[in-house]
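Have a look at the structure below before the remarks.
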Amino acid sequence: MSEGRRSGDTWMDQELDQDQEFDQDRAINEIEGFLLWEAEKDRARTRAEAFCAGLPWLTDSQRREVELRYCQDQRDASRAHLERIAVRSATLRTEYEGVYRALRRRLITAFLSGSVAVAALLATAAVGLTAR
């Protein structure tokens, strides 16, 4: 929720604010993902150049070809790794949401049971006091 929200805002205004915040979060995530991927590509290029530096007999065209293939292989490996992480992250999120729902249900049940017990105790005490 934004700090500048007025108390007279309607639910529609609040919903629009939440949508805008969601869009901003998504945009930030996309920018972060883009920057991380560009850094990964740069790392692959740097590693390819270092690899080719150890092969001084390569011609310039061979060096470019090896660097290109090395970069592609690194990007493919990185993409596969990131996809595995994304799948695992989604699995964990689902699992934790289920655990959270179960804990919340148990807490609400305990609170309601306690409230009923207190109400019953108070009712019994009130009946006992009026019976005297």
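Restricting attention to segment 49-61, does a residue exist that is at pLDDT 90 or above, in contact with an Asp or Glu (Cβ under 8 Å, 6 or more places away or on another chain) and of a type in the set (Asp, Glu)?
Checking segment 49-61: at least one residue is at pLDDT 90 or above, in contact with an Asp or Glu (Cβ under 8 Å, 6 or more places away or on another chain) and of a type in the set (Asp, Glu).
What's the number of the only condition in (1) part of a helix (DSSP H, G or I); (2) of a type outside the set (Lys, Arg); (3) open to solvent by less than 90 Å² (accessible area, probe 1.4 Å) that Leu58 fails to meet?
(1)
The values are calculated or read from the model by the stated rules, or taken from the named source; none is laboratory data. Since we're looking at a predicted model, the values are computed, not measured. Glycine also receives a Cβ, built like all others from the backbone with ideal geometry; neighbour counts cover every protein chain displayed. The area values use the complete protein model at the heavy-atom level, side chains included, leaving out ligands, DNA and RNA. Shrake-Rupley method; radii C 1.70, N 1.55, O 1.52, S 1.80 Å.
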